[in-house]
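Written out below as structure tokens is the structure these notes cover.
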Amino acid sequence: MSLKRKYDVFNELEENTSLEQAQNGSKLEGFHLAENEVVGRLFNMSSEKEHNVLEIRYKSVFIIGRSRSCDLTLNGADISTKHCAFYFVENKAEPETPHLINIIDTSRNGTFVNGNRLVRKDCILKNGDTITFGKTSSFLFRYSNASFTANSQHDIRACKDEPLKGGTGHEAEIVNDVFKRPSQSTQPGVRKALSVKNIVQRPTSVFDNYILGKELGVGHYATVKEGKNKATGQTVAIKIFHAQKTNDRKKMEQFKTETNILIKIKHENIVRLLDRFIEPVSKSSIQTYLVLEKVSDGELFDRIIKKGKLPQEETKAIFRQILSGLKYLHNNGIIHRDIKPENVLLSIKKRTSKDQTQDGPWDENELSICVKIADFGLAKFIGEMQFTNTLCGTPSYVAPEVLAKKTYSNKVDIWSAGVLLYVCLCGFPPFSEQLGPPSMKEQIMEGKYEFYSPYWDDIDDIVLDLIANLLVVEPDQRFSVEDTVNHPWFANIIPQSQLRVIGRPPLSQNQTKPSSISEIMF
């Protein structure tokens, strides 16, 4: 396909968008579509002679194929009589675009979306998708109410620049990516972040703005991948939640409202939420993407595993930063709900010379450590933490009132912080099946724990006093974040009158100390 043809496609996109916006205005904002109303358009990319734009119109089912009885007729030896069907489904993820198109392949030679063949599955179309019928008929898809952005105009101009003929610069990369012939693989693959997607703005896709890269981690409800902002080059972390049903519009609206609030949160000890996207993946499910600040030096969990436990002064410096972040969240009416070492990330600045003065009690090769709380305020959207013995949770950090399914406040974060502090100092949690009987759930509900000898023999009594005020079953009697910050442990001089002697009993014959927190987590 020649560059001239590619430029013509972009020109047709631009001209049709401007004309349609002038004619229709906010035609689709009322959530209703009339019979035969234009929902989307296919811009021909595969013919040198035909410069046509094909319209997809609203009806019960829209058929594309070689037969004249089809709603849209395509010529070609590899086009089936009825090649594919378009179904129109309500869009519960983005009310601004009330209906989406669900494409189902019914052909022998295949229907491809962005190079991936549809095999026994449907696919919700997004703006900028490349659809290929058979092997030769390729089209660029656009919803009828999509609008252009400044970035899209830049991409169009880039494609018209003469240097593209050389095919070596950034602009050439855009053309090569956008108009690459689809592969014939039948295996589902990673969706390409095509630059052509900058043409459209509504509904916005994470792939419009970011290039997804390597996998950073996998959890029981989400996968985290590295991402790169196309406009700024900033490296980010993109959390991809597993697909969810779209049967609760009220919950999704609440999610969008509250994540918009979280996007405004800015504190040095909290991982920033930069953006969020909710995208349909089928006629009955959506996928959520959270774009987060990337913190590159691992989790607090990994540091504890590596060292076995943390020195008292190092723990104090890290815990002080955690409390600073929690205080900010609580002052803004946000409960974290899932404080644990995996959700505390570390940004470490390396020490390159012994002449450099460390800003804390860190390892010899570390100049400074900035603590970042991750996953703040998000647990409510994936379901409250439930007590379970499966691999799907970390119940040893859950507050008693959550297990009892009672109304709770931000004091649940204080309980979890108390468990985290305990873990940092001795390397294992205060509640576990290995430390029973009773069971871990009963230990938490009763607030039954000890500072076992010899693991706590070298820890100051004042630290034990703080933990004892955090792990209090009754929330009203538990410390607040302000009480915790003002505890004497954080002062350089602790009056002797404020010390109390706390016992350190040995493990009983029925108890077994976990070798590390990894036994509890996994």
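For the peptides 468-476, 352-360, 453-461, 414-422, residues were scored by their other Cβ atoms within 10 Å and the scores averaged per peptide; the highest-first order is 414-422, 468-476, 453-461, 352-360. Local charge for Lys228 was computed over the other residues whose Cβ lies under 12 Å away, with Lys and Arg +1 and Asp and Glu -1, and equals +3. Of the peptides 72-80, 259-267, the ranking by mean beta-carbon count within 10 Å, highest at the top, reads 72-80, 259-267. Were the residues from Asn332 through Ser453 laid out at 0.36 nm apart, the gain over their Cα-Cα distance would be 39.6 nm. Using bins 5 angstrom wide from zero, how does P(r) for the stretch 206-293 break down, in % of all Cα pairs? Histogram of Cα-Cα distances, whole percents per bin: 3, 13, 22, 24, 22, 12, 4, 0, 0. Remark on Gly298: its backbone amide H falls under 5 Å from those of Leu346, a criterion applied only to residues 5 or more positions apart or on other chains, H modelled at 1.01 Å from N.
Which of the pairs Lys126/Lys256; Lys309/Lys340; Lys294/Lys354; Lys307/Lys349 have their Cα atoms more than 23 Å apart in this structure? Violating the 23 Å Cα-Cα cut-off are Lys294/Lys354.
In this simple spin-label model, placing a label point 7 Å from the Cα along the Cα-to-Cβ direction at both Asp483 and Tyr221 gives a separation of 2.8 nm. On the basis of the beta-carbon distance and an R0 of 51 Å, Val281 and Ser368 show a calculated FRET efficiency of 0.75.
Applying 1/(1 + (r/R0)^6) with R0 = 22 Å to the Cβ-Cβ distance of Ile104 and Thr73 gives a FRET efficiency near 0.75. Using 0.36 nm per residue and subtracting the Cα-Cα separation, the extra length available between Ser353 and Thr136 on full extension is 71.9 nm. Close amide H pairs (under 5 Å, H built 1.01 Å from N) link Asn269 with no residue at least 5 positions away or on another chain. Modelled this way, with points 7 Å down the Cα-to-C-beta line, the labels at Val119 and Glu474 are 6.3 nm from one another. Taking θ as phi - 60° and the Karplus parameters 6.51, -1.76 and 1.60, the scalar couplings of the stretch 128-143 work out to x, 5, 9, 10, 10, 9, x, 10, 10, 9, 10, 9, 9, 9, 8, 5 Hz in sequence order, x denoting glycine and proline.
In this structure the amide hydrogen of Gly40, modeled in the peptide plane, comes within under 5 Å of the amide hydrogens of Ile56, Ser144, none closer than 5 places in sequence on its chain. Report the FRET efficiency, 1/(1 + (r/R0)^6), for Ser60 and Thr81, where r is their Cβ-Cβ distance and R0 is 25 Å, rounded to 0.05. My answer for the efficiency is 0.80.
Any read-out appearing in this document is the output of simple, stated calculations on the displayed coordinates, not a laboratory observation. Every value quoted in this text rests on a predicted model; they were computed, and no experiment measured them. Cβ sites come from the backbone with ideal geometry, for glycine too, and all protein chains shown count toward neighbours.
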